[in-house]
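Every number here is computed from the coordinates shown, using simple stated rules; none is lab data. Since the structure is predicted, the reported quantities are computational estimates derived from the model, not experimental observations. Quick reminder, even Gly has a Cβ in these numbers, built from the backbone with ideal geometry, and neighbours come from all protein chains shown.
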Amino acid sequence: MSETNMRRVYHFVNSEFGLQNVQRRRLKISTLLGLNDPFELLSNNIQDKQVRSLFNIAKSVFDKRFGIICFSNSSRSPVQWAHYADRNKGVCLGFDVRADFLMDIQYIAERVSEASFPKHPDHAEEWMQKILSTKYSQWEYEGESRCFLNLESKVGDFYFRSFDSNIVLKEVQVGFHSEITRAQLAEKLGDLSESVTCFKVRPAFGSFHMVRNENESLWK
């Protein structure tokens, strides 16, 4: 797979699960009902009771079959670091993901007026992916892309996707309030240490971005 077919995307997570992800070479798959937006799969206008019922049934059915991994297209947002990386105490994992595995989110200000449904069961998955790639515009700060996956075998209470040639770990950015040490991270990375870039971030001096701290001595 050539590099031109891969995209660099980012996954924010707290320190505990971030280190587990690195050590176990996997990412947790979110189920549809476990996502934090109550309007997932509900971007359409569902004021009609029958339409609302059909959408809720679809959401419940698809929740048992499909899941997603959420990525951001940038690691520089202080809001992302605050919300998803435990107030800058967590990490941001940078991955090269096969481009055709990713769905870019479209952000809209108003609910979609027409509620269409797939005309044939074979088109249900495609229909759901389209609905799942539409969110309210106030989520736009996330700059989100999603990896859409079939739910297969559980590990305990959760589903996971292992790192492979289609989802390749390339960066570990450590939050500027994080207590993770270089040695701890190197231990979890193991044989990935040579191929993964690791650094600590800080607030930029001239913009509202989180950037690499070039003073390596500040990360013990």
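Would you look at the GNM of the chain, springs on alpha carbons closer than 10 Å, and say which of Q184, Q47, Q80 moves the most?
Fluctuation is largest for Q47.
Calculate the radius of gyration of the Cα atoms of the range 140-181 to one decimal place, then report Dmax, the largest Cα-Cα distance, as a whole number, both in Å.
14.6, 36
Using only the alpha-carbon atoms, how far is helix 49-63 inclined from the longest principal axis of the chain? Give it as 0 to 90 degrees, nearest 10.
Between helix and principal axis, roughly 40 degrees.
With charges set only on the Cβ (+1 for Lys and Arg, -1 for Asp and Glu), what does the dipole of the chain come to about its Cα centre, in debye to the nearest 20? Each step should come with its number before you reach the end.
Working: 29 positive and 28 negative charges, 75 e Å.
Magnitude of the dipole: close to 360 debye.
Out of the DSSP beta bridges found with both residues in the range 3-218, what percent are antiparallel (nearest 5)?
Details: 37 of 45 bridges.
Approximately 80 percent, going by the DSSP bridge assignments.
Straight-line reach only, C-alpha to C-alpha below 17 angstrom: list the lysines that K130 could link to, leaving out same-chain residues fewer than 8 apart.
Of all the lysines, those that pass the test against K130 - Cα under 17 Å, at least 8 places apart if same chain - are K59, K119.
If you average 1/r across every pair of different Cα atoms in the range 1-107 and take the reciprocal, what Kirkwood value do you get, in Å?
Mean inverse Cα-Cα distance, inverted, gives 15.9 Å.
When the helices in the chain are scored as -39500 (n - 2.57) per DSSP H run of 4 or longer and the sum is shared across all residues, what 222 nm value do you end up with, to the nearest 500 deg cm²/dmol? Please list the in-between numbers first.
On the way: 5 runs with 49 residues, N = 220.
So the calculated ellipticity at 222 nm is -6500 deg cm²/dmol.
May I ask for the distance between the Cα centers of the range 118-143 and the range 59-74, given as a whole number of Å?
What the calculation gives is 10 Å, centre to centre.
Most mobile of I180, I46, I167 per a Gaussian network model of the chain (Cα springs, under 10 Å)?
So, out of I180, I46, I167, the one fluctuating most is I46.
For the chain, modelled as a GNM with alpha-carbon contacts under 10 angstrom, which of V61, V196, V168 fluctuates the most?
Looking only at V61, V196, V168, the biggest GNM fluctuation is shown by V61.
For helix 15-24, what angle does its Cα long axis make with the longest principal axis of the chain, in degrees from 0 to 90 and rounded to 10?
Once rounded, one gets 90 degrees.
How about K188: which lysines have a C-alpha closer than 21 Å to its C-alpha, ignoring those fewer than 8 places off in the same chain?
By straight Cα distance, K188 reaches K28, K89, K170, K200, K220.
Under the Kirkwood approximation for Rh and a Cα-based Rg, what ratio Rg/Rh is obtained for the chain? Write out the running numbers ahead of the final one.
On the way: Rg = 18.8 Å, Rh = 18.7 Å.
A ratio of 1.00.
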